[in-house]
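The values are calculated or read from the model by the stated rules, or taken from the named source; none is laboratory data. Please read all numbers here as calculations on a predicted model, not as lab measurements. Because the Cβ atoms are built from the backbone with ideal geometry, glycine has one as well, and the counts that use them run over all protein chains shown.
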Amino acid sequence: MDVAALRGICLGFPGAFEDFPFGPETSVFKVRAAVSGSAGHAAKMFALSAMDHHDFAVSLKCEPALAEQLRAAHPEITGAWHMNKKHWNGVRLDGSLPDSMVRDMVEDSYDLVVATLSRRQQEPLGWARLAGGQG
């Protein structure tokens, strides 16, 4: 996994965009869901990375029980620095973890964040992971 691959994964989700609220050295990937007929929108972070080639890592939202399991099984995964460690993992991207696993963790983070949006905000994203009327 390299910087370009992570950026491509993060920006590949509907409504995803890159922001720099902490300065140009830190990429924050958010999902924006505009509500049709309204000026309001939601923009929520699902990934954060310094995108530093020498110390490459990403912070990703994670379901708390899964976060504990991942941390126990993989030394590259820890509680995310400066984040709520119950809900956020820090993932070191030094090549130790398979790219497919990193992609899955990014997708899970995106899905967890989109799940917190209202159904009306989810619809323009084409998000239908929660089938059966949940959401």
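Some observations on this one:
- Taken together, 70, 97, 125 contain a single residue that is under 19 Å from residue 8 (Cβ atoms) and at pLDDT 95 or above, which is 97.
- Residue satisfying condition, being in a strand (DSSP E or B), of a type outside the set (A, V, I, L, M) and touching a residue at least 24 places away in the same chain (Cβ under 8 Å), within set 59, 109: 59
- Residue pairs whose Cβ atoms lie under 7 Å apart, separated by 6 or more positions or on different chains, with the first residue in the range 17-29 and without any contact (Cβ under 8 Å) to a residue 40 or more places away in the chain and at negative phi and the second hydroxyl-bearing (Ser, Thr, Tyr) and surrounded by 13 or more Cβ atoms within 10 Å (Cβ to Cβ), are 18/27; 20/26; 20/27; 27/49.
- The set of residues in the range 9-26 being among the hydrophobic types (A, V, I, L, M, F, W, C), within 26 Å of residue 100 (Cβ to Cβ) and part of a loop (DSSP other than H, G, I, E, B) consists of 13 alone.
- Residue within the range 33-49 that is surrounded by fewer than 20 Cβ atoms within 10 Å (Cβ to Cβ), farther than 26 Å from residue 122 by Cβ and without any contact (Cβ under 8 Å) to a residue 24 or more places away in the chain present: no
- Residue 38 falls short on exactly one of the conditions (1) part of a loop (DSSP other than H, G, I, E, B); (2) at pLDDT 95 or above, and that condition is (2).
- The range 103-119 - residue that is closer than 20 Å to residue 86 by Cβ and hydroxyl-bearing (Ser, Thr, Tyr) and, of those, surrounded by the fewest Cβ atoms within 10 Å (Cβ to Cβ): 116
- Residue that is nearest to residue 55 (Cα to Cα) [pool: residues in the range 66-106 that are in contact (Cβ under 8 Å) with a residue 40 or more places away in the chain and charged (D, E, K, R)]: 99
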